[in-house]
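This report concerns only the one structure given below.
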Amino acid sequence: MRSLTETLLTAQQQSATIPYVKVEVNNKIAGVVRYGWSRLYTGSEDDYYHALTIPGDGSLVRARVTLPADSRKLYRQRVADPAPDSDFSQWTYINEYNAVVVAAASLGSEVSIVWIKTNREIRRIKSTDYGANWGSSELVDYTPTTAINGLAAAYKPGGDLALFYADQATLYAQKCVSGQWQNRVAWDETASDLSGVAVVYDGDWNLLVTGQDSTDNYKLWSLIYGDGGDVAAGSWSELKELASAPSGGDFEYRQPFMDSPDVYRCFYVEKFTGNQSYNRPFWTHSVLDTGFIDSLWREPVPFNLSLEYGLAIAHHGEYCWLSVPAGVWRAALAPASLDLSADVIGVRQEVGAGEGRIAIELRNDCGQYASPGQGSLAVLDIGAQLDFSPGYVTTGGSEVSSGQTFSIESYEHTSSGGKASLVLHAGDGWKALSQWRARHQFRWNKSADNMNVKDILALVLARAGLKLEVISQSSVVTGFYPDFTISPGTGGREVITRLLSFVPDVIFIEGCRACLVNPLPADSSVYSYGNGHRIFDGSYRTGAWGINRVQVEGYDTGSEDVIIVESFQWDEIDRLYDRLQQLQDRNIRTAAAAGERGDAWLREAGIESVSGNIQVPVNCGQQLYDVIDITDSRAGLSAAKRRVLGWVLVYHPYRGDYYQRLSLGAV
């Protein structure tokens, strides 16, 4: 149950209450701002290697390399106060040519542009006044070969600069510490080829790398070169996959760029060489409140552009910027929001296992909501995040319990008998999960235990923008490593359902979080109904268990013996004889694991054997799978424990309705 203030807790238990609900919409998806990109410049520059950085004064510093036919000349640009009417077409040739790749980075007033030449030279020019004036070109080092396909640079606070470059199949790091260039350091991973690299410093050097693995599959990976944050200084983390395409196919990934204005945001190019070939940028971002080391990213989304050398991204002040040689875009960083609370005339919220939806009715008698998505209502549109917070007027004012968010799927205008309204229909994270589809095949634990059920859950939930949080968990969810495959086109809800069938744990979604719960018979009650909190009416049903005997068959890969373990609920068998459920799973490799699976199935049957519902004044902090206790003398119940399996919340101020009908199960 969500925590409530003492005043709100007291108010919801009074015999006479004044309801209050807060409803807001904003331009977020799963808690992350959805950027609205506006293109400020369209030029005629060729698509080739380029870079972008924004120093401390907010000026836009860009660099680009011309095509090989023009000798790979290096140009730079500085726009002092970038705005929609700025001139982004003026470039300065720095008298350098044969540049293979280029990168740019800045810290405060210091700006560096770094490039690698066809003769293997790594060179840099530096400005100490935000890019207004530049020093002479300096030689940093030489690369091992001329086969350079990626270069990135980033400063850390304090002024140290690090370069990362992809030379054939090896990624190198080279740092400038206290003004002195250090020896390059090679990574400790194995690949057959690399095609791009991006870096952001945040306690460590956080990297994205594109290329091919040792078996020539195309990959987009995250990687960390440690600086003492999450990874020890001078050490490399393991590669973690963001995107994958098989060797010998028509897809590959190239030219990543990355920034961290709020979460980590990445752009990269997906190259398709088959019929109707294309080079298309895709973007993705890390899931809200996760670290880079977690490597939990939302499913990549295509960007409406065709190019081969990627979209550079940087931010400063109020805006995030994108750049290619022939284009500049910007988007506001701050979320836009609209408070609808004063016009709410109806709410119906339905929450249950694997679903959550809400309908909000707004008065529209003056036509104030005639044009959603336009003008002052621009943020009120399909896809907007809807935040719903139930509450009451308390002695401290209007108070709510926040945390429930939905995404607007549709809206409808209604008119009848002189009344006009706008009804918003929205779904929670389960809707996002049901709409997610696997773009390629995933497989884990085929030949080694590398991801347990909890890890796979976290990855799949992240693809829909959800963070997995643990309220309670079983030992099975962290100790079971199934040979698990997701085929292309498989939906997220189906995947989550399959994974949860392996464990006794359940998930409910609230806001941008998927909360993991291991329901146990010994769980304590978190709230009481019937004494302080009124019960309007109730229905309490006890029934037979759907199954009371489970036979689980597994396979011991070591001894090559079949494992068969049975679990029983003897009281139910004595009453009804056996109701058998048989299960075969070659992922089950021990008798203990087989017993845990059978017990989990019986546990679920026990919860489902008890049902019922109570109608109560709205409990603002109620959560799914909470254990509550009920005292209802009319039904002979005294502090009887039940588990909340769902509810319907209704708010109609004109009818005086503000209640929840809670669906119940056994503890």
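The values are calculated or read from the model by the stated rules, or taken from the named source; none is laboratory data. The structure presented is a predicted model; accordingly, all values stated were derived computationally and were not measured. Neighbour counts are summed over all protein chains in view; Cβ atoms, including those assigned to glycine, are modelled from backbone coordinates with ideal geometry. Remember, those area values only see protein heavy atoms, side chains included, never the ligands or the DNA or RNA. Shrake-Rupley method; radii C 1.70, N 1.55, O 1.52, S 1.80 Å.
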List the pairs from 271/454; 175/454; 117/156; 28/156; 22/454 whose alpha-carbon separation is above 28 Å, in the order I gave them. 271/454; 175/454; 28/156; 22/454
Out of all DSSP beta bridges in the chain, what portion is antiparallel? Express it as a percent rounded to 5. 95
Rounded accessible area per residue of the range 505-637, 1.4 Å, Å²: 47
So how much slack lies between residue 251 and residue 542, counting 0.36 nm per residue of separation and subtracting their Cα-Cα distance, in nm? 99.1 nm
Which of the three applies to the range 436-485, rounded, prolate or oblate, going by the alpha-carbon gyration tensor with a ≥ b ≥ c and a/c under 1.5 meaning rounded? oblate
So what's the net charge close to residue 518: Lys and Arg +1, Asp and Glu -1, counting the other residues with Cβ under 10 Å from its Cβ? -1
State, as an integer percentage, the relative contact order of the chain based on alpha-carbon contacts under 8 Å between residues 6 or more apart. 12
Based on the Cβ-Cβ distance of residue 178 and residue 95, what FRET efficiency does E = 1/(1 + (r/R0)^6) give at R0 = 30 Å, to the nearest 0.05? 0.55
So if we plug the beta-carbon distance of residue 639 and residue 338 into 1/(1 + (r/R0)^6) with R0 = 56 Å, what FRET efficiency do we get, rounded to 0.05? 0.80
Sites residue 556 and residue 652 - FRET efficiency at Förster radius 41 Å, r taken between beta-carbons, to 0.05: 0.10
For the range 393-485, report the accessible area per residue in Å² (1.4 Å probe, heavy atoms, rounded to an integer). 44
Amide N of the range 513-548 lying under 18 Å from the label point, which is placed 7 angstrom from the Cα of residue 576 along Cα→Cβ: 540-548
Only bridges whose two residues both fall in the range 508-618 count here: according to DSSP, what percent of them are antiparallel, nearest 5? 75
For 204-210, 76-82, 166-172, ranked highest to lowest by mean beta-carbon neighbours within 10 Å, the order is 204-210, 166-172, 76-82
Which log10 I(q)/I(0) values does the range 1-62 give at q = 0.12 Å⁻¹ under the Debye formula, counting every alpha carbon as one identical point scatterer? -0.66
Take the solvent-accessible surface of the protein heavy atoms, probe 1.4 Å, and return the percent of it on the range 523-667 that carbon and sulfur atoms account for. 45
Yeah, the range 263-332 with a ≥ b ≥ c from its alpha-carbon gyration tensor (a/c under 1.5 is rounded, else prolate when a/b outruns b/c, oblate otherwise) is oblate
Gyration tensor on Cα atoms of the range 477-594, a ≥ b ≥ c root eigenvalues, a/c under 1.5 rounded, else prolate if a/b beats b/c, else oblate, says oblate
Counting only protein heavy atoms and a 1.4 Å probe, tell me what percentage of the range 57-215's accessible area is made up of carbon and sulfur. 39
Net length gained if the chain between residue 14 and residue 273 were fully extended (0.36 nm per residue, minus Cα distance): 86.5 nm
In degrees between 0 and 90, to the nearest 10, how far off the longest principal axis of the chain does helix 453-463 point, with axes built from Cα atoms? 70
Which semi-axes, in whole Å and largest first, does the equivalent ellipsoid of the chain have when worked out from the alpha carbon gyration tensor as the square roots of 5 times its eigenvalues? 52, 34, 20
C-alpha long axis of helix 591-609 to longest principal axis of the chain, angle in °: 60
For the ranges 48-59, 474-485, what's the packing order if you count other beta-carbon atoms within 10 Å of each residue, average per peptide, and put the highest first? 48-59, 474-485
